[in-house]
Amino acid sequence: FISRIPVVNSDGKVIRVERNEYYSPRSEQNNTVLLMAGGFGTRLYPLTKEKPKPLLEVGDKPILESILLQFRNQGFSDFLISIHYKAEMVKNYFGDGSDWDVTIRYLEENQPMGTGGALGLIPQLDVHFPMIVINGDLLTNVDYGHLLEFHTQQQGMATVCVREYDLEVPYGVIEWTGNHINDIVEKPVHTYFINAGIYVLEEAFINNISNEIPLDMTTILRGKIEEGTLVTMFPLHEYWLDIGCFPEYKRAREDVANEFNFD
């Protein structure tokens, strides 16, 4: 069966991916999911003065609950949540996960550990690999089963989800040789792949990651790549939104109000 159907614009570029409503969901997934929710959310202050960013509501539920529900609806039930800022609020809201028919355990950071430092606490726990790691401020309808299948096929130690990002130069750009102009390109668009904040990691990848100093995922990934570790990328074409600042938070609320389905 075809589970997803890409929708393209007039230029043939994928703008979203629609679900096949007749597609039967996958069976239970044993893989552990780590939700990263320990940050201060300073770019959304003063909203984050009273509650951590993952508990800010989008629609009728917190961001982190929307993420958890999407995983649960795809068959995942074993969750870790890394916490630091206003940790008790997160623990009081989600508890042990029984209200959602899942199991939730917590990685409590004694100090802010960055976007990757919490990985150093993983070896102390019973975790089912490969493990999915996701930032706690993302809304997306990625098919995580397909992501895991891709990761397994590539036989790497880590898979990084990436998103296409277009950057337009707002001027006419000069192409030159010496003092001679060869061409003038008006407002060219450069396309990049950016880190989408979703990862699949093997147990061997997180070995030897310190649990004592803050680390971001970029630093960890670059170090592993320099060591010769195979790290692959998985392009996302589905809906994806990083709720980092007020414009993105406003857009997320508008998308939910327009009945966009993240589950």
Problem set entry | Entries of 86/224; 61/91; 91/250; 91/224; 187/250 with Cα pairs more than 22 Å apart | 86/224; 91/250; 91/224; 187/250
Seminar exercise, completed: Scalar couplings 3J(HN,Hα) for segment 199-208 by Karplus 6.51 cos²θ - 1.76 cosθ + 1.60 (θ = phi - 60°), nearest whole Hz, x for Gly and Pro, are 9, 10, 10, 8, 4, 4, 5, 8, 4, 6
Exercise. Lys/Arg Cβ at +1, Asp/Glu Cβ at -1, dipole of segment 99-258 taken about the Cα centre: which of 167, 246, 258 is farthest positive-ward?
Worked result: 167
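If packing is taken as the average number of other Cβ atoms within 10 Å across a peptide's residues, how do 120-130, 138-148 rank, most packed first?
138-148, 120-130
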Exercise. Can you list the residues, at least 5 places off or on another chain, whose amide H is less than 5 Å from the amide H of residue 116, using H built in the peptide plane?
Worked result: 215, 216, 217
Problem set entry | Per-residue ³J(HN,Hα) for segment 101-117, Karplus 6.51 cos²θ - 1.76 cosθ + 1.60, θ = phi - 60°, Hz, x for Gly and Pro | 6, 9, 10, 10, 10, 10, 9, 8, 8, 5, 9, x, 9, x, 6, x, x
For this session: Using θ = phi - 60° and the Karplus relation 6.51 cos²θ - 1.76 cosθ + 1.60, list the HN-Hα couplings for segment 27-37 in order, rounded to whole Hz, with x at every Gly or Pro.
Result: 6, 4, 10, 7, 4, 6, 10, 9, 9, 8, 9
Exercise. Does segment 89-211 classify as rounded, prolate or oblate by the C-alpha gyration tensor (a ≥ b ≥ c root eigenvalues; a/c under 1.5 gives rounded; else a/b over b/c gives prolate, otherwise oblate)?
Worked result: prolate
Seminar exercise, completed: Sorted by chain and number, the residues with a modelled amide H under 5 Å from that of residue 81, at a separation of 5 or more or across chains, are 35, 105, 106, 107
Exercise. Roughly speaking, what % of Cα-Cα pairs in the chain are separated by over 27 Å, rounded to a whole number?
Worked result: 42
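How high is the relative contact order of the chain? Use alpha-carbon pairs under 8 Å, at least six apart in sequence, and give a whole percent. Intermediate results must be reported in sequence, preceding the final value.
Numbers: 477 pairs, mean separation 60.9, N = 263.
Worked out over the chain, it gives 23 percent.
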Seminar exercise, completed: Expressed in angstrom, Rg and Dmax over the Cα atoms of segment 97-161 are 13.8, 37
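Bear in mind these aren't lab numbers, they're just calculated from the coordinates by the rules spelled out. Quick caveat, the model's predicted, so the values are computed rather than measured. So basically every Cβ, Gly included, is an ideal-geometry build from the backbone, and we count neighbours across all protein chains shown.
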